[in-house]
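The values are calculated or read from the model by the stated rules, or taken from the named source; none is laboratory data. Being a predicted model, the structure only gives us computed values, none of them experimental. Here the Cβ positions follow ideal geometry from the backbone for every residue, glycine too, while neighbour counts run over all protein chains shown. SASA here: full protein model, heavy atoms, side chains in, ligands and nucleic acids out. Shrake-Rupley method; radii C 1.70, N 1.55, O 1.52, S 1.80 Å.
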Amino acid sequence: MNQWALPTVAVLLLGYGAVSGRLQPTVVTQAMVFVALGLLVGNRVLDLVEVDTANQYLRLLAEATLTLVLFTDAVRINPGSLRRESVLPVRLLGVGLPLTIVAGTLVGLALFPQLNVWTAAALATILAPTDAALGLPVVTNKRLPSRIRQGLNVESGLNDGVCVPLLIIFLTIAQTEEGIGHIEPLRVVLEEIGFGVVGGIVAGALGALVLRSFAARGWMEGTWQQINALATPLLAYTVAAGLGGSGFIAAFVAGIVFGAVTGERAEHSTFLAEQSGELLNALTFLLFGAVLLGPALGELDWRVALYAVGSLTLVRMLPVALAMLGTGMRRVTVGFLGWFGPRGLASIVFVLILIEETQLPERSLMLTAVTWTVALSVYAHGLSAWPGANRYADWYSAHSPDHAFMPESVPVTEQRVRVPALRGNDRARPTH
């Protein structure tokens, strides 16, 4: 990386920050801007000459981002509220997510003859997690029924954590089937998941007990309460990785434990972790545009294009429709839930794990498919989020006499959304 790379990144951050308030009432999202900037500056400015080195930079950044996101997402979930109001999230995660992976596997096998069932399943799992931050207006527009907004929000907060062990399983079996190395699938899976859970419980409990015990005595300054919540996922990830487990599972479990032990205090202690995650998220999409999307421009063919479009439509929307059977949800609502499942950060991290840690011969094809799917999602879901949310809100308002009989209208407890800058500042945007 040349000496002007970091100044360039800093100028881009300053530039976006200067106009971020003006962009907020528009359809232009943060991810759209940084992907475009990364594509424009590319390797010419960042001077990431070696492909392997470029991927390592991006992976390090993306893993740090996902670690913070998994932790803060898990902290935000209220277990009591989730148990009471679990119908929509449970259907999306317990029925929709597995069916999405199955559908993605079948489409992958149909379009890419090079893939076997395990590599196709791994590709489908990489693209299964949703990223609500890419369609933020959908979960922040108060005109939408709270049950729909919170269902999508909770799904996005939990599905990347659920997909981590599935991806580990599929990649491990895929490498065994390919005869790559001497891998014991059961041992690897048990170590990744088991040590990940252990690291998460230990770190989450330690961080929570320190905060709960010493903050209550007045021994901890407010700044260090914030740093405590930033250090906890770091501890979880590194302990799990040191033991041979998954740092992502550890970060997710640590967030659950941290939130459960600290209670309401957790909401006020994770601001720094959430803001740090937001900065790293912007940088991740900047490097995604420069390092992955740029080279992928020359790799696009009709199979990759069809797979990307299918992943965002049929592969997501049909499973969601099946998951909603029996709920009484109107077709408009089912279509809305099906469309707004953006693919983003988790998919970027997962595909980089595939590239860096496996020797699968199909990994280049899988990288191209994931890159184009994420890029398409950034712009398709970003551009449609506000118009789509407002049109659905208009439809919902027009049926106000029927609200008492509509399952969409069941009130639920509001869960905090991922982007902290919008809490308490959800400015209304024009509806037309």
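Taking the inverse of the mean 1/r over every pair of distinct Cα atoms in region 107-259 gives a Kirkwood hydrodynamic radius of 17.7 Å. Computed with every protein chain present, the accessible area of Glu299 is close to 100 Å² [probe 1.4 Å]. Over region 244-348, with a single point scatterer placed on each C-alpha, what log10 of the ratio I(q)/I(0) does the Debye formula yield at q = 0.15, 0.22, 0.23 1/Å? These q points yield log10 I(q)/I(0) values of -1.02, -1.10, -1.12. Using a Förster radius of 41 Å, what is the FRET efficiency between Glu267 and Arg22 based on their Cβ-Cβ separation? Nearest 0.05, please. The calculated FRET efficiency here is 0.90.
Expressed in units of 2.2 N^0.38 Å, where N is the residue count, the Cα radius of gyration of region 99-154 is 1.53. Computed from the C-alpha gyration tensor, the three semi-axes of the ellipsoid equivalent to region 349-403 are 41, 11, 7 Å, from longest to shortest. Surface composition of the chain: carbon plus sulfur atoms hold 65% of the accessible area, using a 1.4 angstrom probe and ignoring ligands, DNA and RNA.
A viscosity of 0.890 mPa s and a temperature of 25 °C, combined with the Kirkwood radius over Cα pairs in Stokes-Einstein, give a translational diffusion coefficient for region 57-151 of 156 µm²/s.
Taking the convex hull of the alpha carbon positions in region 254-297 and averaging its projected area over all directions gives 4.0 nm².
Only Cα pairs under 8 Å and 6+ residues apart enter the sum, and on that basis the relative contact order of the chain stands at 30 percent. Tally Lys and Arg at +1 and Asp and Glu at -1 over the other residues with C-beta under 12 Å from the C-beta of Val378: what net charge comes out? So the surrounding residues net to 0.
Mind checking the alpha-carbon convex hull of the chain and giving the volume per residue in Å³?
Each residue corresponds to 146 Å³ of Cα convex hull volume.
Please compute the per residue accessible area over the chain with all protein chains in place, 1.4 Å probe, rounded to a whole number of Å².
For the chain, the solvent-accessible area averages 42 Å² per residue.
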